[in-house]
Amino acid sequence: MAHDKDPGLTVTRDVLVRNKQGIHLRPASKIVKAMARFECEIYLHKGDRAANAKSIMSVTTLIAPKNTVLTIRAVGPDAEEASAALETLFVEKFGEE
């Protein structure tokens, strides 16, 4: 049986932290809530650090002030959709401004 989506699909894209306060509890909560509906594994990378975008504890430990560039890395059948949804949160400044 053929599948429409490749279960091994990997998507990476860079995003810029645009909101004044950077990644703090409120944006972290929005990230985790938005990513919970996706099947893929999705991480935010900053240098050699990685945060699981589905874990509030993990995201809040990622120190990312305004103008930090982060890399989204998603692996799984809905990686493209999840990474696009996460990028949109960054572009919209998490609704903070």
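Scanning region 72-93 for residues that are open to solvent by 60 Å² or more (accessible area, probe 1.4 Å) and of a type in the set (Ser, Thr, Tyr) gives a single hit, Thr88.
Flag: Lys66 matches the condition of being touching a Gly at 6+ places or on another chain (Cβ under 9 Å) and at pLDDT 95 or above.
Residue by residue, here is whether (1) outside any loop (DSSP other than H, G, I, E, B); (2) open to solvent by less than 80 Å² (accessible area, probe 1.4 Å) holds:
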position: Ile23; (1), (2): no, yes
position: Ala28; (1), (2): yes, yes
position: Val32; (1), (2): yes, yes
position: Arg37; (1), (2): no, no
position: Leu44; (1), (2): yes, yes
position: Ser58; (1), (2): yes, yes
position: Ile63; (1), (2): no, no
position: Lys66; (1), (2): no, no
position: Leu70; (1), (2): yes, yes
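The values are calculated or read from the model by the stated rules, or taken from the named source; none is laboratory data. Every value quoted in this text rests on a predicted model; they were computed, and no experiment measured them. Note that we place each Cβ from the backbone using ideal geometry, even for glycine, and neighbour counts take in every protein chain shown. Note: areas computed on protein heavy atoms with side chains; ligands, DNA, RNA excluded. Shrake-Rupley method; radii C 1.70, N 1.55, O 1.52, S 1.80 Å.
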